[in-house]
Structure formats: structure tokens, C-alpha cells
1. List the lysines whose Cα lies under 20 Å from the Cα of Lys53, skipping any in the same chain that are fewer than 8 positions away.
2. Taking only Cα atoms, what is the 0 to 90° angle, nearest 10, from helix 4-27's long axis to the longest principal axis of the chain?
3. Please list, or write none, the aspartates and glutamates whose alpha carbon is within less than 18 Å of the alpha carbon of Lys95, excluding same-chain residues fewer than 8 places away.
4. Say the dipole of the stretch 4-93 comes from +1 at the beta carbon of Lys and Arg and -1 at that of Asp and Glu; which of Val42, Asn55, Ser86 then lies farthest toward its positive end?
5. Angle, helix 64-93 long axis vs. longest principal axis of the chain, Cα atoms, 0 to 90°, nearest 10?
6. With every atom except the alpha carbons ignored, what do you get for Rg and Dmax of the stretch 4-93, in angstroms?
Amino acid sequence: MKNPFEAMKQFKKLQEKMEKVEEELSQTLVEGSAGGGVVKIVLTAKEEVKEVKINPEVVDKEDVEMLEDLIASALRDALTKAKEVSSQKLENLTKGLALPPGLF
């Protein structure tokens, strides 16, 4: 490593960018759905559940298992989308930074 001070500057820059990305992820909303949209779940990109919507027409006391499956499917869909957004933002985090080899 040629200049440890330059590495520290780069690291500080990375920390600042990471804080910004974390804030963006906590404010970015994604929606997962199932059953043609009869069950919807809204999450932040940090995977915090914000909202669950269920169309009353799908609620059947005789078939609770179907509703449970729809909720699980909508949650999986929302989590997949949240992870994609998070991964994309984190991937962009280090673009343009000249980090010294072996720093991470």
C-alpha cells in the first residue's frame, strides 16, 4: 500500500456512501403480490414489512390454507424484489472507488 492516508480517505468515502445507501434502502418500497393481486405485501428494501393487503373476496373460513399460501407467496415475491433492489444499490456503492488491493 503506497499511501495509507489515501486509503483512509477512500474508506471514509465508502462509509459515507454506505450510510446514504442504507437510508435509501429504508425508504425504498417494493410490493409483492399473489393470486393475481388479491394479496399484496409492501416492504422496504431493508425487508421491513410496511403493509399487508388482502382482498376480502379471497377470505374464506373454509379454506384458510389457501389464504396462508397466498400470503406466503406474496411475502416471497416482496422479499425477492427487496433483495434485488438492495443488491443493485450495494453493487453500485463501490463503483468509481479506487480501493487498494487487500483492503476488503
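Quick note: the coordinates plus some simple rules give every number you see, no bench work behind them. Nothing here was measured: the structure is a model prediction, and the numbers come from that model. FYI the Cβ positions are ideal-geometry reconstructions off the backbone, even for glycines, and counts take in every protein chain you see.
1. Result set, ordered by chain and number: Lys40, Lys61, Lys81.
2. Long axis of 4-27 versus the principal axis of the chain: about 20 degrees.
3. Glu6, Glu16, Glu19, Glu22, Glu24, Glu84
4. Ser86
5. Taking Cα atoms only, the helix is inclined about 20 degrees.
6. So, for the stretch 4-93, Rg and Dmax equal 18.3, 67 Å respectively.
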